[in-house]
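The values are calculated or read from the model by the stated rules, or taken from the named source; none is laboratory data. Values in this document were obtained by computation on a predicted structure and should not be read as measured data. So basically every Cβ, Gly included, is an ideal-geometry build from the backbone, and we count neighbours across all protein chains shown. Ligands, DNA and RNA are excluded from the accessible area calculation, which covers all protein heavy atoms including side chains. Shrake-Rupley method; radii C 1.70, N 1.55, O 1.52, S 1.80 Å.
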Amino acid sequence: MFDVKQIKQDFSVLQQEVNGKPIAYLDSAASSQIPRQVVDAMSQYYATSHANVHRGVHTLGERATSAYEGAREKVARFINAPLPQNIVFTRGTTEAINLVAYAYGLHKLQPGDGIVVTLLEHHSNLVPWQQIAKLKNANLYMVELTDEGQLDMDQYRSFLKQGNIKIVAVTHASNVLGTITPIKDIIREAHAAGAVVVVDAAQSVPHMKIDVQELDADFLAASGHKMLGPTGIGFLYGKGELLDSMEPFQLGGSMIGLVQYYESQWAEVPARFEAGTPNIVGAVGLAAAIDYLTALGMDNVQKHEQQLLAYAWDRLSQVEGVEMYGPREPRTGLIAFNVGDTHPHDVSTVLDAEGVAVRAGHHCAQPLHKWLRVAATNRASFYIYNDEQDIERLVSSLQKVKEMFGYVTR
């Protein structure tokens, strides 16, 4: 394990006060904070190596290219991809999933084919597939949930038995319920039915060890800003034969092999999918974030978060009027909750006055909130720099919510 107090010293943003109170940051499922090691790596890149990548033959151009491609190699090792060429840099998970939807789904699907999604999906893994289904006259099927917030696997299998399913798009970990899906089973059964699987791993890659070869995932997407990196950088993993078979997602510079008057030929993968000047410093920051997490050990990261989750679940269970959502386990390190009938934005505002940062809203999962029969929830999420004191701050601040709105017996 690791020393949380020592880790906190690496995050200058956590050293400040908010509204006169020490900050307890419990919103890492939206965006994690960035350690000084990542900030330093990005500053060092700008100070010593900044230039455009791939085409320059001067020293700075070669340094920038080395840093950018070195980051690709680190991402590949982090998720055990066979080759760096299996990694396409994107702006984040949303762009990565849109890339698959438009560069694979739009060209491969035929009228009557089926796409399976689930009720757990973030809008980024639902809306693109709704659009592709309309464009291709394909059928979109949604796997619903059990009362405990787990995927209804019997319904999933009934969809696969129809014989027309070509794509399964599924989250590895819900950003609302925390549900960890049985992703290996989902992938194995999809492959047996002839479908490819797109895994939204935005809430799993930052928190647990991921091995794409062991999972046998066809595509897997994640974001840098949820794993100690900067915003504007993420990645798509794809199997080589699938990426090679795909058309470009965006057109222009950097993604071509040859341009003639009236037609062009595409570059090899992954350049084919990285049109224009990429987010070079973002890739440098993501690589530094991976170094930081690797030094901690992803097994330790997951163990720490599971301990915090268990502590938080027990403490919040003791707060009268608090309703938590999702299964007790297996789940990732976040808890969505409501406090009586107090609007989540009001709850979040009171917590912020106490220096406690949580998320409020539908968390880009409106269908799931409709299933929960609530318009919105609060969400507390935990990461490597959180400890039991942060959770105690949350619990004590919720008592102030109850006092302020005065509807629960104290």
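Could you bin all the Cα-Cα distances of the chain into 10 Å bins starting at 0 and give me the percent of pairs in each, rounded to whole numbers?
The percentages, shortest bin first, are 5, 22, 30, 25, 14, 4, 1, 0.
Can you list the HN-Hα couplings for region 197-202, worked out from phi with the Karplus curve (6.51, -1.76, 1.60; θ = phi - 60°), rounded to whole Hz and with x for Gly and Pro?
Running phi through 6.51 cos²θ - 1.76 cosθ + 1.60 with θ = phi - 60° gives 10, 9, 9, 7, 10, 4 Hz.
How many angstrom lie between the C-alpha centres of region 1-35 and region 93-170?
37
What is the calculated FRET efficiency for Leu83 to Glu403, with r their C-beta to C-beta distance and R₀ = 51 Å, to the nearest 0.05?
0.30
Compute the accessible area per residue over the chain, keeping the other protein chains in place, probe 1.4 Å, unit Å².
42
Quick one: if the Förster radius is 35 Å, what FRET efficiency do Gln110 and Ser264 give, using the C-beta to C-beta distance and rounding to 0.05? Let's see the in-between values first.
Values: r = 26 Å, r/R0 = 0.75.
The computed FRET efficiency comes out at 0.85.
Whole Å is fine, so just give me how far the alpha carbon centre of region 267-308 lies from that of region 351-373.
So the separation of the two Cα centres works out to 26 Å.
Quickly estimate the mean residue ellipticity at 222 nm for the chain, helices only: each DSSP H run with n ≥ 4 gives -39500 (n - 2.57), and the total goes over all residues, rounded to 500.
Working: 14 runs with 155 residues, N = 410.
About -11500 deg cm²/dmol.
Please say if region 32-159 is rounded, prolate or oblate, where rounded means a/c under 1.5 for a ≥ b ≥ c the square roots of the C-alpha gyration tensor eigenvalues, and otherwise the choice is prolate for a/b larger than b/c and oblate otherwise?
On the way: a/c = 3.11, a/b = 2.02, b/c = 1.54.
Here region 32-159 falls in the prolate category.
Accessible area of the chain with a 1.4 Å probe: how many percent of it is carbon plus sulfur?
48
Glu73 accessible area, nearest 10 Å², 1.4 Å probe?
Probe radius 1.4 Å; accessible area of Glu73 about 90 Å².
What does the net charge come to around Ala380 if you take all other residues with beta carbon closer than 10 Å to its beta carbon, with K and R at +1 and D and E at -1?
My count for the surroundings of Ala380 gives 0.
Run the 1.4 Å probe and let me know the accessible area of Leu106, rounded to the nearest 10 Å².
We get 50 Å² for Leu106.
Among Val301, Leu258, Gly340, which residue has its Cα positioned farthest towards the positive end of the charge dipole of region 258-356, with +1 placed on the Cβ of Lys and Arg, -1 on the Cβ of Asp and Glu, and the dipole taken about the Cα centre?
Farthest towards the positive pole: Leu258.
Whenever you get a sec, line up Tyr383, Tyr102, Tyr46, Tyr292 from highest to lowest accessible area (probe 1.4 Å, protein heavy atoms).
Tyr46, Tyr102, Tyr292, Tyr383
Arranged from highest to lowest average of other beta-carbon atoms within 10 Å per residue, in what order do the peptides 310-323, 251-264 appear?
310-323, 251-264
Return the subset of Lys5/Lys226; Lys21/Lys370; Lys5/Lys303; Lys134/Lys239 for which the Cα-Cα distance in this structure is over 24 Å, preserving the input order.
Lys21/Lys370; Lys134/Lys239
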